[in-house]
Amino acid sequence: MAEVRLSNVKKVYEGNVIAVHDFTLTVNDKEFVVLVGPSGCGKSTTLRMVAGLEEITEGEIQIGDRLVNNVPPKDRDIAMVFQNYALYPHMSVYKNMAFGLKLRGFPKKEIDERVREAAQILGLDDLLNRKPKQLSGGQRQRVAVGRAIVRKPKVFLFDEPLSNLDAKMRVQMRTEIAKLHTRLQATMLYVTHDQVEAMTMGDRIVVMKDGYIQQVADPITLYEHPENRFVAGFIGTPPMNFLQARIVAENGALWADGRSVRLRIPAARAAALGPYVGRDVTFGIRPEHIHDIATMPNAEPARIVKGLVDVIEPMGSETYLYLTADRHAFIAKITGHEHCDVGQTIPLVFDMDRAHFFDTETERVIR
């Protein structure tokens, strides 16, 4: 396998449309890196530049110790799995997986060994004689992955490979691809718009927006220490709540004052937020850090907010509450056994030690 290095890569389309700005990233040998972001953020374009399917406008791409800017896709020693399975409908599973090796002139014996090895890894042993139309969506995607495995490339590239599958099958295939990475110890670069896929699969995640890298980190760091409001809101389900508040000083303490939501800021955060006294900030808190007061009966009043329940979504072990407090709307994730009714006003405890504050102009986190 090999590492992949992108240095100051830029992609400009006709009409001076910039799809990717100054993209710099090293994917280490045997690492699983996920590019995630909304549609149009440049993640698939970046992957296609690594594959050689898009020309880069500026910068350098290296695979291993080789500069591949002008190397055609077939000579880059990569294998790509696409969103649509791109299987030959008239060929069996075996022939679909063997076709690329056959074109490259591999001996029949080696082709057979590679195909059967990949089939065993992916649980396709009993499906080798079937045609694609006789397979489920998940099975077809496994065949597409198998076709990449038999190549034994330096780098695997995945372009939203699970988007066409139903929810249950996506979960299953996420697990299978993660196990595949562990088994093959391969370098993998994976593109998705689904932050759950990114969080559950990647060793590191690259969050993108408008062609720019917003943050690169492991899943837990992204979740607990987002660099800006976009990352904070994109990572996490349900998404982080954002409320507008003014930082005020009163009785030796700082407060986040949003009128109907007024909360005392922990002393440990005072130094960072001191320069913002008298200014508006964006206050962020995740739904799971807002608690039903029944579970925290001794909570101090300075952390309690009363919210009107607008919608209740029972999820089994937990319940999502959609609430309003005057002009503020927010979501709380509480245990599934706590009971309340739509239209009821309930007290909730905000865990201010887990809160985030963002500069309203730059949207950068305040630390």
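The values are calculated or read from the model by the stated rules, or taken from the named source; none is laboratory data. A quick note: this is a predicted structure, and the numbers were derived from the prediction, not measured. Here the Cβ positions follow ideal geometry from the backbone for every residue, glycine too, while neighbour counts run over all protein chains shown. Just so you know, the surface numbers come from the protein's heavy atoms only, side chains and all, with ligands and any DNA or RNA stripped out. Shrake-Rupley method; radii C 1.70, N 1.55, O 1.52, S 1.80 Å.
List the DSSP H helices in the chain whose Cα atoms stretch 20 Å or more along the helix axis and whose mean Kyte-Doolittle hydropathy is at least -1.0.
Details: long enough: 108-122 (21 Å, -0.91); 167-184 (26 Å, -0.51).
Answer set is 108-122, 167-184.
Give me the orientation-averaged projected area of the Cα convex hull of the range 1-142, in nm², one decimal.
10.4 nm²
Where nothing but the Cβ of Lys and Arg (+1) and of Asp and Glu (-1) is charged, how large is the charge dipole of the chain around its Cα centre, in debye to the nearest 20?
Numbers: 47 positive and 46 negative charges, 282 e Å.
Once rounded to the nearest 20, the dipole reads 1360 debye.
At q = 0.07, 0.11, 0.15 Å⁻¹, what is the base-10 log of I(q)/I(0) for the chain according to the Debye formula with one equal point scatterer per Cα and no solvent? Please give it to two decimals.
With no solvent term, the Cα-only Debye profile gives -0.42, -0.86, -1.20.
Over the range 23-95, what number does the Rg to Rh ratio reach, with both radii from the alpha-carbon atoms and Rh per Kirkwood? Show your work: numbers first, answer last.
On the way: Rg = 14.5 Å, Rh = 14.4 Å.
Taking Rg over the Kirkwood Rh, I get 1.01.
Name the residue farthest towards the positive end of the dipole of the range 94-197 from the options ALA167, GLN134, LEU189, assuming +1 on Cβ of Lys and Arg, -1 on Cβ of Asp and Glu, about the Cα centre.
Working it through, the farthest residue towards the positive pole turns out to be GLN134.
So for the range 244-359, what percent of the C-alpha to C-alpha distances run longer than 24 Å? Show your work: numbers first, answer last.
Working: 1707 of 6670 pairs.
Value for the range 244-359 (Cα pairs over 24 Å): 26 percent.
Along the three principal axes, how long is the range 1-65 when you take its alpha carbons, biggest first, rounded to the nearest angstrom?
Ordered largest first, the range 1-65 gives principal extents of 38, 25, 19 Å.
Beyond 28 Å between alpha-carbons counts as too far, so tell me which of LYS10/LYS168; LYS108/LYS152; LYS43/LYS333; LYS10/LYS179; LYS152/LYS209 fall in that bin. Provide the component values of the computation, followed by the final result.
On the way: LYS10/LYS168 37 Å; LYS108/LYS152 16 Å; LYS43/LYS333 31 Å; LYS10/LYS179 33 Å; LYS152/LYS209 32 Å.
From LYS10/LYS168; LYS108/LYS152; LYS43/LYS333; LYS10/LYS179; LYS152/LYS209, over 28 Å: LYS10/LYS168; LYS43/LYS333; LYS10/LYS179; LYS152/LYS209.
At a Förster distance of 56 Å, what's the computed FRET efficiency of ARG116 paired with THR345, Cβ-Cβ distance as r, to 0.05?
Working: r = 65 Å, r/R0 = 1.15.
Efficiency computed from Cβ-Cβ geometry: 0.30.
Ignoring ligands and nucleic acids, what accessible area does ASP310 show with a 1.4 Å probe (Å², nearest 10)?
Counting only protein heavy atoms, the figure is 70 Å².
Positive end of the charge dipole of the range 195-261 (Lys, Arg +1 and Asp, Glu -1 on Cβ, about the Cα centre): tell me which of MET201, GLY211, ALA256 has its Cα farthest that way.
ALA256
Starting from the coordinates of the alpha-carbon atoms of the range 198-262, obtain the Kirkwood hydrodynamic radius over all distinct pairs and give the value in Å to one decimal.
Numbers: mean 1/r = 0.0724 Å⁻¹.
After inverting the pairwise mean of 1/r, the radius is 13.8 Å.
Evaluated at 25 °C with a viscosity of 0.890 mPa s, what Stokes-Einstein diffusion coefficient in µm²/s does the range 86-244 have when Rh comes from the Kirkwood expression over alpha-carbon pairs?
Values: Rh = 17.4 Å.
Translational D for this selection: 141 µm²/s.
Report the dimensions of the range 162-316 along its three principal axes from the alpha-carbon atoms, largest first, rounded to Å.
Largest first, the range 162-316 extends 60, 37, 26 Å along its Cα principal axes.
What does the charge count near TYR320 come to, summing +1 for each Lys or Arg and -1 for each Asp or Glu among other residues with Cβ under 13 Å from its Cβ?
Working: positive: ARG286, LYS333; negative: GLU288, ASP292, ASP310, GLU313, GLU318, GLU338.
That sum, taken over residues with Cβ under 13 Å, equals -4.
Could you tell me what percent of the DSSP beta bridges with both partners in the chain are antiparallel, to the nearest 5? Mind dumping the intermediate values first?
Working: 61 of 80 bridges.
Antiparallel bridges make up about 75 percent of those DSSP assigns within the chain.
I need the peptides 321-333, 127-139 ranked by packing, meaning the mean over residues of other C-beta atoms within 10 angstrom, with the highest value on top.
321-333, 127-139
Aspartates and glutamates near LYS133 by alpha-carbon distance under 14 Å, same-chain residues fewer than 8 away left out - which ones?
Cα-Cα hits under 14 Å: none found.
Students often check this: by mean Cβ neighbours within 10 Å, which of 197-205, 254-262, 341-349 ranks highest, and how do the rest follow?
On the way: 197-205: 21.3, 254-262: 17.9, 341-349: 14.2.
My ranking of the peptides, most packed first, is 197-205, 254-262, 341-349.
At a 10 angstrom cut-off on C-beta neighbours, averaged per residue, how do the peptides 36-49, 19-32 rank from highest to lowest?
Numbers: 36-49: 20.6, 19-32: 18.2.
Top of the packing list down: 36-49, 19-32.
Give the Debye-formula value of log10 I(q)/I(0) at each listed q (0.24 Å⁻¹), with one equal scatterer per alpha carbon of the range 127-217, two decimals each.
Scattering profile of the range 127-217, log10 relative to I(0): -1.37.
Just to verify a number: FRET efficiency for TYR13 and ASP166, C-beta to C-beta distance, R0 = 45 Å, to 0.05? Intermediate results must be reported in sequence, preceding the final value.
Numbers: r = 34 Å, r/R0 = 0.75.
Rounded to the nearest 0.05, the efficiency is 0.85.
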